[in-house]
Amino acid sequence: MILKHKNLKLFIVVSILNLILNPLMNVGLSYIEEKLIYYLVLSAAEIATILIESLVVYLFIKEKYLKVLLYAAIANISSFLIGFVLTFTPIYQTRITIIVIVVLFLSVYLFIYIVTLLAFIRNYRNRDDNRRRNEENSQEN
């Protein structure tokens, strides 16, 4: 079973982080009118989000920090780039219904989120399997 108790906790932690950090960043950015400042603050907020997510996940799963940081960076940068492309494509500018855009964005975001989560789960499970084997070997000796 992929979502064991520990993996479910990891999924919940990552979900809560995203539910908190993303709206905070977007609300903060909504008050900035000058483009240059907006993009500087956006870049800083994305970097802060990557660092916060990676630190919390690292503390939770005790995996190598650089590995966790890489996963967090890939997930957040991918999400940012997809949102950026969706914002500036002709589809968006033709004013098609907001529902289509939201469904498209959420589908892609969900795909990236699930792929990243499954990678974490696989690595987390492999680590548990290795630890179990090491414990069995040390008990035999």
Practice task
Check whether at least one residue in region 34-44 is within 23 Å of Val108 (Cβ to Cβ), polar (S, T, N, Q), without any contact (Cβ under 8 Å) to a residue 40 or more places away in the chain and surrounded by 13 or more Cβ atoms within 10 Å (Cβ to Cβ), and report yes or no.
Solution key: no
Fill in the blank from the handout: Of the candidates Phe80, Phe111, the one satisfying the condition of being modelled with pLDDT of 75 or more and within 17 Å of Phe11 (Cα to Cα) is Phe111
Handout entry: For Leu118: the one exception among (1) within 16 Å of Leu10 (Cα to Cα); (2) at pLDDT 85 or above
Key = (2)
Exercise for the section: Could you look through region 45-56, keep only residues that are among the hydrophobic types (A, V, I, L, M, F, W, C) and within 13 Å of Ala73 (Cα to Cα), and pick out the one that is surrounded by the most Cβ atoms within 10 Å (Cβ to Cβ)? Expected result: Ile50
Completion exercise
Counted residues in region 16-33 being loosely packed, with under 15 Cβ neighbours inside 10 Å and touching a helix residue (DSSP H, G or I) at 6+ places or on another chain (Cβ under 8 Å) come to 3
Exercise for the section: Kindly establish whether Asn26 is under 15 Å from Ala75 (Cβ atoms) and either at pLDDT 80 or above or under 16 Å from the mean Cα position of the chain (by Cα) (or both). Expected result: no
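The values are calculated or read from the model by the stated rules, or taken from the named source; none is laboratory data. These figures come from a predicted structure and were not determined experimentally. Note: ideal-geometry Cβ built from the backbone for every residue, glycine included; neighbour counts use all protein chains shown.
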